[in-house]
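Have a look at the structure that comes next, please.
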Amino acid sequence: MRGESVFPQLEQLLPLISKPIQYIGGELGSVVKPWESATVRWVLSYPDAYEVGLPNQGVQILYEVLNERDDVLAERTYAVWPDLEQLMRERGVPQFTVDSHRAVGDFDLFGLSFSTELGYTNMLTELSLAQIPLLAADRDESHPIVVAGGHAAFNPEPIADFVDAAVLGDGEEAVLEITDIVAAWKREGSPGGRDEILLRLAKTESVYVPRFYDVDYLPDGRIQRVVPNRAGVPFRVHKRTTMDLDAWPYPKKPLVPLAETVHERFAVEIFRGCTRGCRFCQAGMITRPVRERSITTVAQMVHDGLEFSGFTEVGLLSLSSADHSEIGDICSGLADQYEGTNVSLSLPSTRVDAFNIDLAQELARNGRRTGLTFAPEGGSERIRKVINKMVSEEDLIRTVTTAYSNGWRQVKLYFMCGLPTETDEDVLQIARLAHNVIKSGRQATGSKDIRCTVSIGGFVPKPHTPFQWAPMERPEVIDARLKALKNEINSDRSLGRAIGFRYHDGEPSLIEGLLARGDRRVGAVIRKVWEDGGRFDGWSEHFSYRRWVDAAEAVLPGFGVDLDWFTTREREQSEVLPWDHLDSGLDKDWLWQDWQDALTEYEQDDCRWTPCFDCGVCPSMDTSIQIGPTGQKLLPITPVNTGLRVPAEA
Amino acid sequence: MGRTKNQPTGGQAPVVQRIRLRYTKRGPMRFTSHRDFARAVERAIHRAGIPIAFSQGFTPHPKISFASAAPTGVASEAEYLEIGLRERVDPADLCKALDAALSPGLDVIEAVEANTPGSLADRITASSWRIELPGVSDEQLAAAVAAFVAQSEVLVERMTKQGRRTFDTRDAVASIAAVSSQTSPPGVVGAVPCAILDLVVRQVTPSVRPDDVLSGLRVVADLEPSAPHSLKSARATRLAQGTLTPQGEIVDPLDVDRDPVAIGER
């Protein structure tokens, strides 16, 4: 029977595996509804381990938005670890939801949120365990409609064979619209079957249905064109933008897990979008325009979320939190409200200026000091111009020194390696910068007890950014640069001892690059890797570069292309990119111009403070940036600890 | 100096009342590890608005202490913890508030004010367990128990934090008995025999857990459930823990606080 719990079968496996708690559900904030009460049933997944997937904001928001509707039921599923996967296959236990332990294959819609492309193999595990055919073309009316979302969905071509649809952009309103369309179709008796419902979704122009588009290739392997193969299907699919964040104050009831997860805190998004224009940053490009949540809504969400969840840590999230027009009042207002309590507030800080330290000081007032992270991203002034990260060395030294003087003994500096036009020298400059940070810090504090951690991430060019045309650097070059940098940092023993060094190898980045800018031909590589045992590719202990290279070598030559063609090859302006028919609002000509500016080391201002530079988003999406100030102030009341909350007798 | 700035600004309020609680781990919640439960109870205390006291220091911790926790995967009707409060509350209200703030299955069933010195841990010398063994017949189990009782020492091996260790399980077992039979619960495909074992095990070091006793039964009598069951899929429940009397009864550690006079009469 559909919707039946598989827990009795699962329960027998739980004593045999590690961390069974992650599979039992029962989280605070989770919702269990009778199967028959709903017209439309969604299963949502963040295709990674529970400990990573549960805190995901996107899934939590959609879960709550959907479950608030009486005629809708939404449950969650996560990737199971290989120990359980093997037992499930042996005993025939299907992929299940953690809420009611229902079989994933029983639902109407299966939504997967991808913030990284390295989750693709886990999607195949979930589909296969759910007994859903891996290829969308092989599915019938009895199978859920598989929908991809999240940032990676801005180029879903590598997974086009496996998903039925993809949604670009904000999900709050999109999931409800899809729900309404599916509900109406079901009420009519599901006319025309799977084809008909997918066609109805495609006609909204904001749901991409890959099967309704044909991709033609040129003899040299490049794409000739991508065109609809059905009447009524739009040439371009547009991203969704939720404009009024105050009208969508989610999560209201955050999920509080019993199992330990990567983020043990209540997160409030204080704005969406970013106009800083860092050229490597896909998130900053595809989430435009900037939309602020007002100071009063932020404070209300913090209050309600803490009271509901019992969390003692709050993160004020966004792509560049210090840029909120009323961030000063938000920080001092919240610090007032929670002074003397054991709530800790944090602002993941990426902006390199002294203002950030003031904010962090405010938030640390009740004695709970959180770490400070600054992200200059590039080691040399030159490379920072290329990536449009407008931070001078002077700014950085001054900011970090201020932090040390104010009692922080440890700061974290974040950089990238493998950036376009990068030379060995650009990377070695990171060592000089770190040395200067420690020297100035010691001078300012008169103490040797200060440290910094240099953390290096691998650059991956992403679709819908000015770097979408850029060639990637080879992993062996990246690894050699990192090795040289490490030696350079330790060339001065006294300074080197005060500097921690963390980095990632170049190999995973290259594969992420293949998946990020791949087209439909890459789907066969993903499938081969999965068949060869690829799982949890975002985890270094599970990722196998060899497996990916072998699969690419086995599959891609049949199409006349190879791994290098997708990764280290520079694209030309005229090339049709696999995601050109997917509209993020950004004007391709503007992106190209910004790419040319990068190559000539010309910087681009931020339209929050300076006039519009015509990236194209606002006019094409009929939106505009939404920022304060509202002028509102938070009242100096203590909203917590209002006595025992004893439930009324039933 | 930066160092002085790192000190917390205000002192923490002192403990004015200590409450001892009994709680359960039922159904799927038996898979909660002790760490998981500790985190959950801390959050539930905040949600319930309980005026918990905090330790002094740079990173203040809530005043919560646990008495010997059941292993992950083992259900319990009798787990205990003690909390320190900065304001006095009615223990019965606290019990209801905390229970409502925890997931169903993690049920707070009693709260009493600590009237007596000493720690809960000092009052816990033994536990009684009930173990369901799907795939094991009554006769099989009875034979294994008889073989176990006949020994003066039953050595088993288990991985501990100190590495693989060998220890005796026989001496720690105060009583062991195979009890009535039943078939497995509904929902499992194909009814299988399910023997039941009742155990009272003393608190010793290294601790002897219910699964160690099952290993002991395997050692003395080759006890092995029919496939696909294994001794690992046995379902153990702690029914009680407390002070073991010479008569073999287990005294609830909250008895002393509940009625300080009664204990004097024992």
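Considering only the protein assembly as shown, what is the antiparallel percent among its DSSP beta bridges, to the nearest 5?
Counting DSSP beta bridges with both partners in the protein assembly as shown, the antiparallel share is about 55 percent.
I'd like the mean, over residues of B:28-40, of how many other protein chain beta carbons sit within 10 Å of each residue's own Cβ. Kindly include the intermediate steps, with their values, before the conclusion.
Numbers: counts 12, 4, 6, 13, 6, 6, 0, 3, 7, 2, 0, 7, 7.
Taking all residues of B:28-40 together, the mean is 6.
For B:Ala195, what residues show an amide H to amide H distance below 5 Å, using hydrogens built from the backbone and excluding near sequence neighbours?
B:Leu133, B:Gly135, B:Val136
Put a dot 7 Å past each Cα toward the Cβ at A:Asp140 and A:Asp395; how far apart are the dots in nm?
Inter-label distance under the simple model: 6.1 nm.
Sticking with this one: What does the convex hull of the Cα atoms come to per residue for region B:10-122, in Å³? Spell out each step's value before the answer.
Numbers: hull volume 11.6 nm³, N = 113.
About 103 Å³ per residue, rounded to a whole number.
Given A:Tyr213, A:Phe107, A:Pro158, which one lies farthest toward the positive end of the charge dipole of region A:7-238, if we put +1 on the Cβ of every Lys and Arg and -1 on the Cβ of every Asp and Glu?
Checked the options; the winner is A:Tyr213.
With charges only on Cβ, +1 for K and R and -1 for D and E, what is the dipole size of the protein assembly as shown about its Cα centre, in debye, rounded to 20? The partial results should precede the final answer.
Details: 100 positive and 128 negative charges, 457 e Å.
So the magnitude is around 2200 debye.
Taking Cα pairs under 8 Å and at least six residues apart, what relative contact order does chain B come out at, in percent? Numbers along the way, then the final one.
Working: 529 pairs, mean separation 58.9, N = 266.
After rounding, I find 22 percent.
Then there is this: Counting each DSSP H run of 4 or more residues in chain A as -39500 (n - 2.57), what helix-only mean residue ellipticity at 222 nm follows after dividing by all residues, to the nearest 500 deg cm²/dmol? Don't skip to the answer; put the middle values down first.
On the way: 22 runs with 223 residues, N = 650.
So the helix-based figure for chain A works out to -10000 deg cm²/dmol.
Here is a further query. Tell me, which cysteines of chain A are without a disulfide-compatible partner by the Cβ under 4.7 Å rule?
A:Cys274, A:Cys331, A:Cys417, A:Cys452, A:Cys607, A:Cys612, A:Cys615, A:Cys618
Which net charge results when you count Lys and Arg as +1 and Asp and Glu as -1 among the other residues whose beta-carbon is under 12 Å from that of B:Phe167? Provide the component values of the computation, followed by the final result.
Numbers: positive: B:Arg158, B:Arg164, B:Arg165, B:Arg170, B:Arg209; negative: B:Glu153, B:Glu157, B:Asp168, B:Asp171, B:Asp212.
Its environment carries a net charge of 0.
How much length, in nm to one decimal, is gained on full extension between A:Ala283 and A:Asp564, taken as 0.36 nm per residue of separation minus their Cα-Cα distance? It would help to have the intermediate numbers written out before the result.
Values: separation 281, 0.36 × 281 = 101.16 nm, distance 2.51 nm.
Contour length minus the Cα-Cα distance gives 98.7 nm.
By how many degrees, between 0 and 90 and to the nearest 10, does the Cα long axis of helix B:34-47 differ from the longest principal axis of chain B?
40
Give the order of B:Cys194, A:Cys618 when sorted by the count of other beta carbons within 10 angstrom, beginning with the fewest. If you can, show how the numbers build up before the last one.
Working: B:Cys194 23, A:Cys618 16.
Ordered by Cβ neighbours within 10 Å, fewest first: A:Cys618, B:Cys194.
Between A:Glu269 and residues 5 or more places away or on another chain, which pairs have amide H atoms under 5 Å apart, with H built 1.01 Å from N, and which residues are they?
Placed amide hydrogens put A:Leu317 under 5 Å from A:Glu269.
Now, a different point. Extending each Cα 7 Å along its Cβ direction at A:Asp550 and B:Glu110, get the distance between those two points in nm, one decimal.
Distance between the two pseudo-spin positions: 6.1 nm.
Limiting things to C-alpha atoms, what are the Rg and the maximum Cα-Cα separation (Dmax) for region B:124-250, in angstroms?
Considering region B:124-250 through its Cα atoms, Rg and Dmax are 14.5, 44 Å.
Kindly provide the GluC sites (Glu not before Pro) of region A:130-195 that DSSP labels as loop, not H, G, I, E or B, and whose Cβ sees at most 14 other Cβ atoms within 10 Å.
On the way: sites: A:Glu141, A:Glu172, A:Glu173, A:Glu177, A:Glu188; in loops: A:Glu141, A:Glu188.
Hits after loop and neighbour filter: A:Glu141, A:Glu188.
Shifting gears a bit: Strictly over 22 Å apart at the Cα level, which of A:Lys483/A:Lys528; A:Lys253/B:Lys25; A:Lys239/A:Lys462; A:Lys186/A:Lys239; A:Lys33/A:Lys239 would you flag in this model?
Working: A:Lys483/A:Lys528 33 Å; A:Lys253/B:Lys25 24 Å; A:Lys239/A:Lys462 16 Å; A:Lys186/A:Lys239 26 Å; A:Lys33/A:Lys239 31 Å.
In this structure, A:Lys483/A:Lys528; A:Lys253/B:Lys25; A:Lys186/A:Lys239; A:Lys33/A:Lys239 exceed 22 Å between Cα atoms.
For A:Ile223, what residues show an amide H to amide H distance below 5 Å, using hydrogens built from the backbone and excluding near sequence neighbours?
Residues meeting the amide H criterion: A:Leu218, A:Val576.
List the residues of region A:446-475 whose backbone N lies under 17 Å from a point placed 7 Å from the Cα of A:Glu572 along the Cα-to-Cβ direction.
Of the residues in region A:446-475, A:469-471 have backbone N under 17 Å from the label point off A:Glu572.
How do A:126-136, B:85-95 rank on mean C-beta neighbours within 10 Å, highest first?
Details: A:126-136: 19.6, B:85-95: 17.1.
Per-residue mean Cβ counts within 10 Å order the peptides as A:126-136, B:85-95.
On to the next question. Quote the FRET efficiency, to the nearest 0.05, computed for A:Leu16 versus A:Ala480 with a Förster distance R0 of 41 Å and r equal to the Cβ-Cβ distance. Kindly include the intermediate steps, with their values, before the conclusion.
Working: r = 45 Å, r/R0 = 1.10.
Computed FRET efficiency for A:Leu16 and A:Ala480: 0.35.
Just add up the charged neighbours of A:Trp579: K/R +1, D/E -1, any other residue whose Cβ is under 13 Å from the Cβ of A:Trp579.
Values: positive: A:Arg236, A:Lys239, A:Lys462, A:Arg517, A:Arg520, A:Arg571, A:Lys588; negative: A:Glu117, A:Glu157, A:Asp519, A:Glu575, A:Asp580, A:Asp583.
Charge balance in the 13 Å sphere: +1.
With bins 5 Å wide starting at 0, give me the P(r) of region A:7-238 over every alpha carbon pair, in whole percents.
1, 6, 15, 19, 20, 17, 11, 6, 3, 2, 1, 0
Taking chain A on its own, what percent of its Cα-Cα pair distances exceed 48 Å?
Numbers: 26887 of 210925 pairs.
When all Cα pairs of chain A are counted, 13 percent exceed 48 Å.
To continue, here is another question. Out of all DSSP beta bridges in region A:7-238, what portion is antiparallel? Express it as a percent rounded to 5.
Roughly 30 percent of the beta bridges in region A:7-238 run antiparallel, per DSSP.
With a Förster radius of 35 Å, plug the Cβ-Cβ distance of A:Glu177 and A:Glu264 into 1/(1 + (r/R0)^6) and report the FRET value to the nearest 0.05. Don't skip to the answer; put the middle values down first.
Values: r = 34 Å, r/R0 = 0.96.
Approximately 0.55, to the nearest 0.05.
Which of B:Thr160, B:Thr125, B:Thr72 ends up with the largest GNM mean-square fluctuation for chain B, with Cα atoms connected below 10 Å?
Evaluated over chain B, the most mobile residue of the options is B:Thr160.
Suppose R0 equals 51 Å. What FRET efficiency, 1/(1 + (r/R0)^6) with r the Cβ-Cβ distance, do B:Ser137 and A:Thr421 give to the nearest 0.05?
Numbers: r = 75 Å, r/R0 = 1.47.
The formula returns an efficiency of 0.10 here.
Counting only other residues whose beta carbon sits under 13 Å from that of B:Gly57, what net charge do I get with K and R as +1, D and E as -1?
+2
Report the paramagnetic label zone for A:Trp539: residues of region A:42-56 whose backbone N is under 19 Å from a point 7 Å from Cα along the Cα-to-Cβ axis.
A:45-56, by backbone N distance to the label point.
Continuing with this model, one more query. How long is the gain from A:Ala184 to A:Trp609 if the chain were fully straight, where each residue apart is worth 0.36 nm and the alpha carbon distance is subtracted?
Numbers: separation 425, 0.36 × 425 = 153.00 nm, distance 4.55 nm.
Gain in length upon complete extension: 148.5 nm.
If packing is taken as the mean number of other Cβ atoms within 10 Å per residue, what is the order of A:105-116, A:622-633, highest first? Don't skip to the end; give the middle numbers.
Working: A:105-116: 23.7, A:622-633: 14.3.
Descending packing order for the listed peptides: A:105-116, A:622-633.
Still on this structure, please answer the following. Sort the following peptides by mean Cβ neighbour count (other Cβ atoms within 10 Å, averaged over residues), highest first: A:580-587, A:509-516, B:199-206. Walk me through the intermediate numbers first.
Numbers: A:580-587: 21.1, A:509-516: 25.1, B:199-206: 16.5.
Ranking, from highest mean packing down: A:509-516, A:580-587, B:199-206.
How many nm is it between the label spots at B:Arg165 and B:Asp93, if each spot is 7 Å from the Cα in line with the beta carbon?
4.5
Any read-out appearing in this document is the output of simple, stated calculations on the displayed coordinates, not a laboratory observation. This is a predicted model, so every value here is computed, not measured. All Cβ positions, glycine included, derive from the backbone under ideal geometry; neighbour counts span all protein chains shown.
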